[in-house]
Amino acid sequence: MPNAFCGVSVFLLAAGLFCVLFGVLTSICTPYDVLMRERLKMVPGLPAYEWWATPPDEVLLRVYVFNVTNQHEFESGHTDRLHMQEVGPFIFREKLTHVNTTFHENGTMTYTAVRQAIFLPELNTLSLNDTITVPNLAVLVYRPEISQHVEMRRGGYDSTLSGAGVSWRVVHEGLGAVLPQGMASYLHDASFLTKLAFNVILRRLDSKPLANVTVQEYMWNLTDPLVDVTRKLVPHLVPVENMGVLHTIYADFTDEVSVFIGPDNERRFFQMDRFHGDRNLGWWPADRCDSVYGSTEGVSYHQGVRREDELRYFRKTLCRVTPLYFAREEERLGMRALRFELPDDVYDRPANASSDTDCYTRRHQRPLPSGLTDLAPCYYNFPVAASMPHFYSSPHLHQVVDGMQPDRSKHHSYVIVEPTTGVPMNAAARSQSNLIVHDVNDIHGVGRFSNQVIPMFWAEYNQVGLPWYIHFTMYFTVMVLPWSQRLCTAAMMLAGVILGLLGYRRAVRRHRALRRRLLRRRARDAHVPVKALSSYSSLDLLPSSSSGSSAGVACSSSAASTSGSTAETPLSLSSSNSSSAERVAPC
């Protein structure tokens, strides 16, 4: 039997089989899974890595400074409380880049994060040249920290001190006696000689606890003659000359971070393994607040974020790890999103906190009031602390100063995360920096500031959205790809079945056609020879034509015989074919 499977049928069956196999394969190993796994690998050159290495400029830094409006009334004793006026926002763009990337075999990646604050004149309505009255950090943050090995250098200050009626020996012994063991200490714990020496310098330089400066100076170039004098007298006493609040933050905002990556770390993607080579900061007694392991810088979170997850956020400006908890579900940019918020009581110190669980008191230090968290370890041991903006979650701190206007909608922190990819779609991290002034009643002109918590400024880091290309990629990955791949899988399998059926049907039809043709040919071939033998049987008995008259007699006899046969069976003659006629014709 000839092959019934012609080229078209074979092609249809092969195409159908391919479509079915492709549909099965894409249902087992989906394009979505492949794409998400490739993202976890952070391969240089691919969008996930490149967009992380140079993030889009979508983070705005808004700074609000507090201006003291009753300086003279407070200094003269007519009022016991400072009145603060919020001035701002002053808007900057935080530029973040990741450099020096190294991949490790244990599924981690180490990089250096570099941050810069760039002023945006087009977004600001206020001038950096405006004058404000602020705490003089050079005076109020004074912190005599010295060791036995500090070299005291007189320079040109012998005459200055002599003019004040105090010998160099008094200043040397006073400042040198602060901490003979080289440990940090605040001025309120200093000895009598130290306070005496400091009083001499303050009187001579006429430095005031409140200073009138421009916003530009307060943020980027804050200094005082006291800093210059003290730094020349005792170089190790003053760690920095420029005490501008933003300069202090961004002067050394370069951190080495190690994070988890790779398909094996899907639930730990971009969570920290180490910060500057260590898993612990070394500042707090409790591991849960001192350890950075499992926290994130907020650039990205792990894939598959769930409501019950705790997002641990770390930023050096807060000097600790803080938790974010699920608040509600939202819809952003046409996609489902989860909103996580910083608890209002995150800075509240538990009344029964032990040394093993206290995240608010450093070793060998006095505890701060509830609602404050110590920032000193991150900023040269300056007495500064963080709180919620305007003390909105700590009403008891409102009694310290006037002018606070807490508003949760403006002052709380949150992040809105797309749960499938873990990409933050919108975020606002808000924190206030405060100056902690201890008991300094023995210091000239500073006594009225004793035991005060003075707000300096509060800042908001706001991720305002996503660029269009990241939004498009996320929307395609989360919303389009899952449905399209299901549709594609179903369509491929359906197309495979249809093509297979068409190929099979065509093969069957061709097989039947060939069978009918073959049967007809066989029937014809089998029927024609039988009729020929019946017609030619008499001819086979005749002698050949070369026999002469015998042939004529044979022919006549054959004709008579044929005539008789025809008369008996007329249908046999009618069924004789042309071949019979041709063979009889010579007779």
Within the set of pairs 6 or more residues apart or between chains, which connect a residue that is within 24 Å of I249 (Cβ to Cβ) and in contact (Cβ under 8 Å) with a residue 12 or more places away in the chain inside the stretch 384-407 to a residue that is outside any helix (DSSP H, G or I) and acidic (D, E) with Cβ atoms less than 6 Å apart?
A385/D374; S393/D344
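Report yes if P44 is surrounded by fewer than 18 Cβ atoms within 10 Å (Cβ to Cβ), part of a loop (DSSP other than H, G, I, E, B), of a type outside the set (D, E) and within 32 Å of the chain's Cα centre (by Cα), otherwise no.
Numbers: surrounded by fewer than 18 Cβ atoms within 10 Å (Cβ to Cβ): yes; part of a loop (DSSP other than H, G, I, E, B): yes; of a type outside the set (D, E): yes; within 32 Å of the chain's Cα centre (by Cα): yes.
Here the answer is yes, as P44 does meet what is asked.
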Within the stretch 111-125, restricting attention to residues that are closer than 29 Å to L210 by Cβ and surrounded by 13 or more Cβ atoms within 10 Å (Cβ to Cβ), which residue is nearest to the chain's Cα centre (by Cα)?
A117
Out of everything in the stretch 265-282 that is in contact with a His (Cβ under 9 Å, 6 or more places away or on another chain) and assigned to a loop (DSSP other than H, G, I, E, B), what residue ends up being farthest from L40 (Cα to Cα)?
Q271
Going residue by residue through the stretch 488-508, is there one that turns out to be assigned to a helix (DSSP H, G or I), among the basic types (K, R) and over 46 Å from the mean Cα position of the chain (by Cα)?
yes
Does F260 satisfy the criteria of being on the phi > 0 side of the Ramachandran plot and surrounded by 14 or more Cβ atoms within 10 Å (Cβ to Cβ)?
no
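Having 1 or more residues that are hydroxyl-bearing (S, T, Y), touching a Lys or Arg at 6+ places or on another chain (Cβ under 7 Å) and over 30 Å from E75 (Cα atoms) is the bar; report the strands (runs of 3 or more DSSP E) wholly within the stretch 404-487 that clear it.
Numbers: elements: 414-418, 423-437, 452-463.
Result: 414-418.
Is there a residue being at positive phi, in contact (Cβ under 8 Å) with a residue 12 or more places away in the chain, touching a strand residue (DSSP E or B) at 6+ places or on another chain (Cβ under 7 Å) and outside any loop (DSSP other than H, G, I, E, B) anywhere in the stretch 98-105?
Of all residues in the stretch 98-105, those at positive phi come to 100.
Narrowing further to those that are in contact (Cβ under 8 Å) with a residue 12 or more places away in the chain: 100.
Then drop every residue that is not touching a strand residue (DSSP E or B) at 6+ places or on another chain (Cβ under 7 Å), which leaves 100.
Filter once more, so that each one left must be outside any loop (DSSP other than H, G, I, E, B): 100.
Scanning the stretch 98-105, I find at least one residue that is at positive phi, in contact (Cβ under 8 Å) with a residue 12 or more places away in the chain, touching a strand residue (DSSP E or B) at 6+ places or on another chain (Cβ under 7 Å) and outside any loop (DSSP other than H, G, I, E, B), so the answer is yes.
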I'm trying to understand the selection: among the residues of the stretch 508-533, which are at pLDDT 80 or above and small (G, A, S)?
A513, A523
Any residue in the stretch 486-507 that is farther than 18 Å from P31 by Cβ sitting within a Cβ distance under 8 Å of a residue that is among the polar types (S, T, N, Q) and surrounded by 17 or more Cβ atoms within 10 Å (Cβ to Cβ)? List the pairs, counting only those 6 or more apart or interchain.
G503/S9; Y504/S9; R506/S9; A507/S9
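Return the residue satisfying two criteria in turn: it lies in the stretch 74-110 and is of a type in the set (F, W, Y) and farther than 26 Å from T296 by Cβ, and of such residues it is surrounded by the most Cβ atoms within 10 Å (Cβ to Cβ).
Taking the stretch 74-110 as the starting set, the residues that turn out to be of a type in the set (F, W, Y) are 74, 90, 92, 103.
Keeping just the survivors that are farther than 26 Å from T296 by Cβ gives 74, 90.
On the way: F74: 19, F90: 25.
Among those residues, the one meeting the criterion is F90.
Quick check on the stretch 400-426: of everything there that is among the aliphatic types (A, V, I, L, M) and touching a Phe, Trp or Tyr at 6+ places or on another chain (Cβ under 7 Å), which residue is nearest to Q365 (Cα to Cα)?
Residues of the stretch 400-426 that are among the aliphatic types (A, V, I, L, M), as a first pass: 400-401, 404, 415-417, 423, 425.
Still in the running and touching a Phe, Trp or Tyr at 6+ places or on another chain (Cβ under 7 Å): 404, 415, 417.
Details: M404: 28, V415: 33, V417: 38 Å.
Once the filter is applied, the top-ranked residue is M404.
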Any residue that is surrounded by fewer than 18 Cβ atoms within 10 Å (Cβ to Cβ), in contact with a strand residue (DSSP E or B) (Cβ under 9 Å, 6 or more places away or on another chain) and more than 23 Å from W468 (Cβ to Cβ) - is there at least one of those in the stretch 50-60?
no
Members of the stretch 412-470 that are within 27 Å of the chain's Cα centre (by Cα) and of a type in the set (F, W, Y):
Y414, W458, Y461, W468, Y469
Among the residues of the stretch 285-294, is there at least one that is assigned to a strand (DSSP E or B), closer than 23 Å to T97 by Cα and among the aliphatic types (A, V, I, L, M)?
no
Would you mind finding the one in I91, I118 that is touching a helix residue (DSSP H, G or I) at 6+ places or on another chain (Cβ under 7 Å), β-branched (V, I, T), assigned to a strand (DSSP E or B) and farther than 30 Å from N451 by Cα?
I91
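The rows are residues; the columns are (1) closer than 30 Å to R521 by Cβ; (2) touching a residue at least 24 places away in the same chain (Cβ under 8 Å); (3) outside any strand (DSSP E or B).
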position: G23; (1), (2), (3): no, yes, yes
position: M36; (1), (2), (3): no, yes, yes
position: Y49; (1), (2), (3): no, no, yes
position: L61; (1), (2), (3): no, yes, no
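Report, by residue number, each residue of the stretch 230-264 that is in a helix (DSSP H, G or I), of a type in the set (A, V, I, L, M) and modelled with pLDDT under 75. Spell out the reasoning first.
Looking only at the stretch 230-264, we keep the residues that are in a helix (DSSP H, G or I), and these are 230-233, 245-250, 263-264.
Narrowing the set further to residues that are of a type in the set (A, V, I, L, M) leaves 233, 245-246, 249.
L233 - this is the single residue of the stretch 230-264 that is in a helix (DSSP H, G or I), of a type in the set (A, V, I, L, M) and modelled with pLDDT under 75.
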Filter the stretch 211-226 down to the residues that are modelled with pLDDT under 90 and part of a strand (DSSP E or B) and list them by number.
A211
Within the stretch 236-274, restricting attention to residues that are aromatic (F, W, Y) and under 30 Å from L137 (Cα atoms), which residue is farthest from the chain's Cα centre (by Cα)?
Y250
Can you name the strands (runs of 3 or more DSSP E) wholly within the stretch 303-388 that have at least 2 residues being within 25 Å of the chain's Cα centre (by Cα) and either at pLDDT 85 or above or on the phi > 0 side of the Ramachandran plot (or both)?
311-315, 320-332, 335-341
Can Y536 be described as more than 30 Å from F11 (Cβ to Cβ), of a type in the set (F, W, Y) and at pLDDT 80 or above?
no
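State which residue is farthest from Y379 (Cα to Cα) when the search covers only the stretch 238-260 and only residues that are touching a residue at least 60 places away in the same chain (Cβ under 8 Å) and touching a Lys or Arg at 6+ places or on another chain (Cβ under 7 Å). Give the derivation first.
Taking the stretch 238-260 first, the residues touching a residue at least 60 places away in the same chain (Cβ under 8 Å) are 239-240, 243, 245-246, 248-250, 253-260.
Next cut, touching a Lys or Arg at 6+ places or on another chain (Cβ under 7 Å) only: 250, 253, 255, 258, 260.
Numbers: Y250: 11, F253: 11, D255: 14, S258: 23, F260: 28 Å.
Per the criteria, the residue is F260.
The values are calculated or read from the model by the stated rules, or taken from the named source; none is laboratory data. The shown structure was predicted, so the numbers you read here are calculated from the model rather than taken from an experiment. As a convention, Cβ positions derive from the backbone with ideal geometry for all residues, glycine included, and neighbour counts pool all protein chains shown.
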